[in-house]
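Contents: one structure, followed by commentary.
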Amino acid sequence: GADSVDAVSSLDRTGGPDGFGYTFKDSDEGGCPVNFVSIVGNGGVNLNLTDDSNSTQTLNFPFPFYGTPQASVGVASNGYLHFGSVGTDFSNDCPIPNTLTPNNAIYGHWDDLLPSGANNVYAASFAAGSCPGGRPGACFIAEWNNVPYFSGGGNVTFQMILREDGVIEVQYQAIGQSGSSATAGLENGTGTVALQYACNTTWAV
């Protein structure tokens with residue numbers, strides 16, 4: 001079934017704090033509940049990303065990240081959001097922290113992905129009171145919708161949700177290859193502080 005983080009005991013279900021104070025908690029450990037509401041056909045705009053590409057989206061609220069309010073966010077084809085340079089490394093770096101770019105980023109499922117056509121990344125900002133799933137306040141959602149891996153062998157469907165209250169949700173629905181070559185977590189602007197959820201670790205949803 002779906003999970004808002006993982007459902008396999010091979011991964012820690014809680015973690016942190018990192019040097020800033022971020023922690024993570026899975027849905028089955030009292031974190032954000034499983035609440036995947038697709039934005040495809042529900043306000044989401046197809047960003048028409050291609051291999052190793054990126055789209056900058058304006059946020060309709062200042063999102064605090066490592067203490068700095070952010071007015072926009074970069075959505076990367078390879079499964080992450082960033083507030084700095086996108087980096088040219090198509091494959092994931094782990095463990096994190098890692099000073100190689102990208103930094104200042106949130107990695108949902110950072111791997112070499114290949115969106116095209118309808119199997120792409122969708123994004124939308126929602127005003128307070130209209131955030132899907134009954135979430136409080138305003139929010140921004142990016143959804144990787146049935147996006148294949150560059151190497152083939154499965155697809156990923158997951159959402160990364162930035163909430164006005166500073167909470168970051170990652171809602172996983174399907175992870176092909178079980179995350180075996182992916183990084184998940186978040187990292188500060190210099191790549192010196194990070195909260196790692198997964199590093200080439202097999203997990204299932």
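Which condition does Glu169 not pass, out of (1) buried (at least 21 other Cβ atoms within 10 Å of the Cβ); (2) touching a Cys at 6+ places or on another chain (Cβ under 6 Å); (3) modelled with pLDDT under 95, if it passes all the others?
Evaluating Glu169 over (1) buried (at least 21 other Cβ atoms within 10 Å of the Cβ); (2) touching a Cys at 6+ places or on another chain (Cβ under 6 Å); (3) modelled with pLDDT under 95 leaves (3) as the failure.
Filter the stretch 4-51 for residues that are closer than 22 Å to Ala194 by Cα, surrounded by fewer than 13 Cβ atoms within 10 Å (Cβ to Cβ) and modelled with pLDDT of 90 or more and give the result.
Result: Thr14, Pro17, Gly21, Thr23.
Pull out all pairs, ordered by first then second residue, where Cβ-Cβ is under 8 Å, the residues are six or more apart or on different chains, the first lies in the stretch 89-102 and is free of Cβ contacts under 8 Å to residues at least 60 places away in the same chain and open to solvent by 40 Å² or more (accessible area, probe 1.4 Å), and the second is in a loop (DSSP other than H, G, I, E, B) and among the hydroxyl-bearing types (Ser, Thr, Tyr).
Close Cβ pairs satisfying both conditions: Asp89/Thr101.
Tell me which residues, restricted to the stretch 110-146, are in contact with a Lys or Arg (Cβ under 9 Å, 6 or more places away or on another chain), of a type outside the set (A, V, I, L, M, F, W, C) and open to solvent by less than 30 Å² (accessible area, probe 1.4 Å).
Matches in the stretch 110-146: Arg135, Gly137.
When Tyr107 is evaluated against the numbered criteria (1) open to solvent by 30 Å² or more (accessible area, probe 1.4 Å); (2) assigned to a strand (DSSP E or B); (3) under 22 Å from Tyr172 (Cβ atoms), which criterion, by number, is the only one it fails?
The one condition Tyr107 does not meet is (1).
The values are calculated or read from the model by the stated rules, or taken from the named source; none is laboratory data. Keep in mind it's a predicted model, so treat the numbers as computed, not measured. Counting neighbours? That spans all protein chains shown, and the Cβs are built from the backbone with ideal geometry, glycine included. For the accessible areas, the whole protein counts, side chains as well, though only heavy atoms, and no ligand, DNA or RNA atoms are used. Shrake-Rupley method; radii C 1.70, N 1.55, O 1.52, S 1.80 Å.
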